[in-house]
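Data first, discussion second: the structure below is written as structure tokens.
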């Protein structure tokens, strides 16, 4: 009897570890779609984050439905999504307004920077049914990539504003390529090109679409990254992604 009880213990321990890991994954997913705690910011910063969050949300919410979209390359999205695939959406930072409106309510998790600007961006994208993971090429990027890979395993699609958080403008960075290597999911480059828009005097020259403009959503063929890709192969894939984004953004 004692020997039998001893044999059951490892299975019970494994079951408990599995349940604990499942709870941790559930908490991870919930955290991605929830507003972050702002207590470490000053009172003034908290007001500014909330004001910017609401201002951008209202602009997108009011202007987005008036835009007339035309889509080119939808078959590439279908290819990346076939068999339960979870595309790694990739686009330029200056197109975030219409990109967010077009892909809204798909629970896409976007990497945002660990900064004041990144916090209000995270909040207004969450209002559109997206998620946010904090990190960037300059702060916390490695940890954020691990977090995004775990979310992919829980069925969450992901996205990168691939030249963010601070540029250089329209220069692809490595994040989406590394995530594709980790997860086996394909990178899906796309652009939303508005005919008429205002341009903000920011590093990315952020585009704010004018009401009732037309816009073309161009989706490029998916970019796959082998799990055994070495540094040279990763650079080659990043360059392929750069060319694809330049082509669809023209």
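Relative contact order of the chain: 24 percent, from C-alpha pairs under 8 Å at least 6 residues apart in sequence.
Extension gain, residue 117-residue 154: 0.36 nm per intervening residue step, less the Cα-Cα distance, totals 10.6 nm. Taking the longest Cα principal axis of the chain as reference, the axis of helix 231-249 is set at about 40 degrees. Using a/c under 1.5 as the rounded threshold, could you call the range 125-200 rounded, prolate or oblate? The axes a ≥ b ≥ c are square roots of the C-alpha gyration tensor eigenvalues, and prolate needs a/b larger than b/c, oblate otherwise. Judged from the Cα gyration tensor, the range 125-200 comes out prolate (a/c at least 1.5, a/b above b/c).
Each of 156, 130 was scored by other Cβ atoms within 10 Å of its Cβ. Arranged with the fewest first, they read 156, 130. Put in line by how crowded their Cβ is, counting other Cβ atoms within 10 Å and starting with the fewest, 77, 203 read 203, 77.
For the chain, the calculated P(r) over all alpha carbon pairs, in 10 Å bins from 0 to the bin holding the longest distance, is 7, 29, 34, 18, 6, 3, 2, 0 percent. The calculated FRET efficiency for the pair residue 30 and residue 196, based on their C-beta separation and a Förster distance of 30 Å, comes to about 0.15.
Counted by neighbouring Cβ atoms within 10 Å, the residues 63, 110, 71 run from fewest to most as 71, 63, 110.
Approximating the spin labels as points 7 Å out from Cα along Cα→Cβ, the residue 66-to-residue 169 distance works out to 2.5 nm.
Sorting the segments 213-221, 45-53 by their residues' average number of neighbouring beta-carbon atoms within 10 angstrom, most packed first, yields 213-221, 45-53.
Coordinate-derived values only; no laboratory data. From a predicted model like this one, the values you see are computed outputs, not experimental measurements. Using ideal geometry, Cβ is built from the backbone for each residue, glycine included, and neighbour counts are taken over all protein chains shown.
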